[in-house]
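Worksheet for the structure shown next.
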Amino acid sequence: MNPTLTKPFMESAQNMIYQMAAVQLDAEGDFQEQQGDISSYGVTALITFAGALKGRLLIDLEPTLASEIVEKVMGESFESMKDPTFMGMIGELSNIVGGDALTNLNNQQPLNLRLASPAVFLGKDMIISIPKIKSSTINMKSDVGNMRINVAFEKGGQA
Amino acid sequence: MDIKYIAPFLDSVKGILGQFGVEKVTRGKITKKENMNVDKDTISIVGLVGDVKGNISYAFNEDTAKNIVSAMMMGMPVSELDEMARSAMSEFANMITGTAVGKLTELDDVDDVIPSPPSIIYGKDIYMIISPVETLSIELETDAGQIEVNIGLEM
């Protein structure tokens, strides 16, 4: 997939998570085409967008990293990740990352991309499958846990 | 959330299942939820952007998913949810949402709605939030099994 379409998502994730929670995320290599299904780390936010192109951003976090970010931002800890405020915060995180990335993409190219609302999933051994659409994944590491970003564009980003 | 935005989705489920020969579709419990424990193991989710914004998810048990895929493939037996079956599940979500979007744009205050490609999530004991506002969960009893339609629109 065209790296000009995927890179902004990685940069926005790094910048926004650092600004909000002071967590430094380091990318491991570049975006690679996703082969097969994604086996979730445990906390997954999905946010779709559409405009001149249609696509989807998936942010998948290890529970330790998700908890660290939420605690830093909210200034409180949660007994369970199932708390609606906790899950809502993860949704908001994907909104902020996705919104920032789309703004950058729209500034580069007249794509007029808009975000839908985020959906957040928690579960053990979740498998995420996006049939019929090509996607690329990048793995990111921090001191408190791993994260992956998966970006999909319909028709591989060809308008 | 106004019922006029909800009804097209329920009608579409009934219409599309009817096309595949699943005749009986009755509406069960409707509940309003903040976040939800989905006791089903397959969830198809589609996002909407435009005058109607939000997420719609369709949740099934594995057996229901197999029954629906089998009905879509003219009764061919489906023993596991392989790649082809998953593609069919995604098409099912696409068809329902596409039909519903067509009906939504007939409303006076809706001109432009774009559905996103569906994603499918499998697993046990899944919790989800699909809207920052509120989500309506509607159980549909069908001949193929129970389908839980969750509608979260920012309206």
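Any read-out appearing in this document is the output of simple, stated calculations on the displayed coordinates, not a laboratory observation. In this text the structure is predicted, and so the values were computed from the model without any measurement. All Cβ positions, glycine included, derive from the backbone under ideal geometry; neighbour counts span all protein chains shown.
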Inset, instruction - Report, by chain and number, residues whose modeled amide H sits under 5 Å from the one on A:ARG114, excluding near sequence neighbours (fewer than 5 apart, same chain). - result: A:ALA50, A:GLY51
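Below 8 Å between Cα atoms, with a sequence gap of 6+, how large is the relative contact order for region A:3-157 in percent? Please list the in-between numbers first.
Working: 296 pairs, mean separation 59.6, N = 155.
For region A:3-157, the relative contact order is 38 percent.
Filter the GluC sites (Glu not before Pro) in region A:1-100 down to the DSSP loop ones having no more than 16 other Cβ atoms within 10 Å, then list what survives. Before the final figure, lay out the partial values.
Numbers: sites: A:GLU11, A:GLU28, A:GLU33, A:GLU68, A:GLU71, A:GLU76, A:GLU79, A:GLU92; in loops: A:GLU76, A:GLU79.
Answer in residue order: A:GLU76, A:GLU79.
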Inset, instruction - Among B:PRO118, B:VAL52, B:ILE130, flag the residue with its Cα farthest along the positive direction of the charge dipole of region B:43-155, charges on Cβ as +1 for Lys/Arg and -1 for Asp/Glu. - result: B:PRO118
Inset, instruction - Select from region B:24-132 those trypsin sites (Lys or Arg not before Pro) which occupy a DSSP coil region and have at most 13 other Cβ atoms within 10 Å, ordered by residue number. - result: B:LYS24
Inset, instruction - May I ask you to evaluate 6.51 cos²θ - 1.76 cosθ + 1.60, the Karplus curve with θ = phi - 60°, for each residue of region A:116-128 and list the ³J(HN,Hα) values in order in whole Hz, giving x for glycine and proline? - result: 8, 7, x, 10, 10, 10, 10, x, 8, 6, 6, 10, 10
Inset, instruction - Quick one: compute the contact order of region B:3-153, relative version, from alpha carbon pairs under 8 angstrom and 6+ residues apart, as a percent. - result: 40
Legend entry - Loop-located GluC sites (Glu not before Pro) in region B:52-115 whose Cβ has at most 11 other Cβ within 10 Å (DSSP): B:GLU80, B:GLU106
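Restricting to lysine pairs 8 or more places apart or on different chains, what number in chain A have Cα atoms under 12 Å apart?
Values: A:LYS54/A:LYS134; A:LYS54/A:LYS155; A:LYS132/A:LYS155; A:LYS134/A:LYS155.
So the count of such lysine pairs works out to 4.
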Inset, instruction - Using Cα centres only, tell me the gap between region A:127-159 and region B:53-107 in whole Å. - result: 23
Legend entry - ³J(HN,Hα), Karplus 6.51/-1.76/1.60, whole Hz, each residue of region B:50-60, x for Gly, Pro: x, 5, 10, 10, x, 10, 10, 10, 10, 10, 9
